[in-house]
Amino acid sequence: HSYSGGLDPDTALAAPTLPRGGTGTAPAAIGSLVSAGKPVWITETGYPTDGTVTYRQQAQYLVRSFVNFLAAGVKKEFWFKFHEDGPGEENLYNLVFKDETPKPSYVAYATMTHHLGGATFSQAPQMGSAIRADLFARPGSAAGSTDTVAVIWSIAEAGTITIPISGTGGVQLGAYDMMDNATGQRVSAGLTIPISNDPVYLEIPGLAPAAVAPLIQAATIGGVNPVGVDPQLASGLSNGLPDIHAMVTART
């Protein structure tokens, strides 16, 4: 079991211990189990819509949680829970209400399984600390061919990503939002897709992840601050003055 106590999946994946309110196994601890060759299953995880997590965030976190765990080598993941069957906090984890009205997370789950069904994780091109991109391989429609599905989101601000069409060999790219609506705008340089905390799916038929990864890394990111600066007081210095320690990161 792995519950992050409301912490978003990307932050939770990097946290060495579970935050206050989290229960089960910290996501960071799963890597050692996977590297030992054990077939790891996450038999319970979820986010309750209790006010700290909105309906929209539950949908975002569901997809990002599944993709993160698959990329980490987890074999299966089970969401708690599907149906509201009574009052109480446990029912806030549900994907559909008691009258079977769906939450956004239900549609996000269906969209994810539509795009990633039959696919296996391949690689995660380095996109900086603010952008996440995971590439999945799926058997193509032509004999012996491979399709790639890229799942992309921003951990930070909303912006855009423009995938260059050069190097695709004329392949028709398709992009779909978290609710499976077609998205993106074709420009001379390629396909510009809005990115935010909502994951988007980029479908590249006939190209394997190894060929797609350079295209993703050559993409132009807009709207997301490329540099992160985190100033902190540096403690324990001999002069006792409030010296500043600044951590600068490449976010895109």
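The values are calculated or read from the model by the stated rules, or taken from the named source; none is laboratory data. Everything numeric here is computed off the predicted structure, so don't read it as measured data. Here Cβ is always computed from backbone atoms with ideal geometry, including for glycine, and neighbour counts include all displayed protein chains. Side chains included, ligands, DNA and RNA excluded: accessible areas come from the protein's heavy atoms. Shrake-Rupley method; radii C 1.70, N 1.55, O 1.52, S 1.80 Å.
For LYS98, the lysines whose Cα comes closer than 20 Å to its Cα, not counting residues fewer than 8 places off in the same chain, are LYS81.
Within the chain, DSSP assigns beta bridges of which about 90% are antiparallel (rounded to the nearest 5).
Structure remark: mean-square fluctuation, Gaussian network model of the chain, C-alpha springs under 10 Å; the largest value among VAL227, VAL53, VAL74 belongs to VAL227. Do any trypsin sites (Lys or Arg not before Pro) in region 11-117 lie in a DSSP loop with no more than 12 other beta carbon atoms within 10 Å, and if so, which? Sparse-neighbourhood loop trypsin sites (Lys or Arg not before Pro): ARG20, LYS75, LYS98. For the chain, modelled as a GNM whose springs connect Cα atoms under 10 angstrom apart, the maximal fluctuation among ALA130, ALA59, ALA189 occurs at ALA189.
Within region 83-226, the ratio Rg/Rh, alpha carbon atoms throughout and Rh by Kirkwood, equals 1.04. By the compact-protein rule of thumb, 2.2 N^0.38 Å, the alpha-carbon radius of gyration of region 1-73 corresponds to a ratio of 1.05. The calculated pair-distance distribution of the chain uses every alpha carbon pair, bins of 10 angstrom beginning at 0, and gives 7, 27, 33, 22, 8, 2, 0 percent.
Computed over the chain, the per-residue total of -39500 (n - 2.57) for DSSP H runs of n ≥ 4 gives a 222 nm mean residue ellipticity of -6500 deg cm²/dmol, rounded to 500. Of the listed residues LEU13, LEU233, the order by accessible area with a 1.4 Å probe, largest first, is LEU233, LEU13. Against the empirical 2.2 N^0.38 Å (N residues), region 192-239 has a Cα radius of gyration ratio of 1.97. Each Lys and Arg Cβ is given +1 and each Asp and Glu Cβ -1; about its Cα centre, the chain then shows a dipole of about 560 debye.
Hydropathy first: keep DSSP H helices in the chain averaging at least 0.0 on Kyte-Doolittle, then drop any whose Cα extent along the axis falls short of 15 Å, and list what survives. Can you show the working numbers first?
On the way: long enough: 55-71 (24 Å, -0.07); 104-116 (18 Å, 0.05).
Those that pass (Cα extent of 15 Å or more, hydropathy at least 0.0) are 104-116.
Could you state the accessible area per residue of the chain in Å², with a 1.4 Å probe and every protein chain left in place?
On the way: 12440 Å² over 252 residues.
I get 49 Å² per residue for the chain.
Of the residues VAL229, PRO125, VAL187, the one whose Cα sits farthest toward the positive end of the charge dipole of the chain, with +1 on the Cβ of Lys and Arg and -1 on the Cβ of Asp and Glu, is PRO125.
Taken one residue at a time, the phi angles of region 186-200 give Karplus couplings (6.51, -1.76, 1.60, θ = phi - 60°) of 7, 10, 4, 7, x, 10, 9, 10, x, 10, 7, 5, 7, x, 10 Hz. Gly and Pro are set to x.
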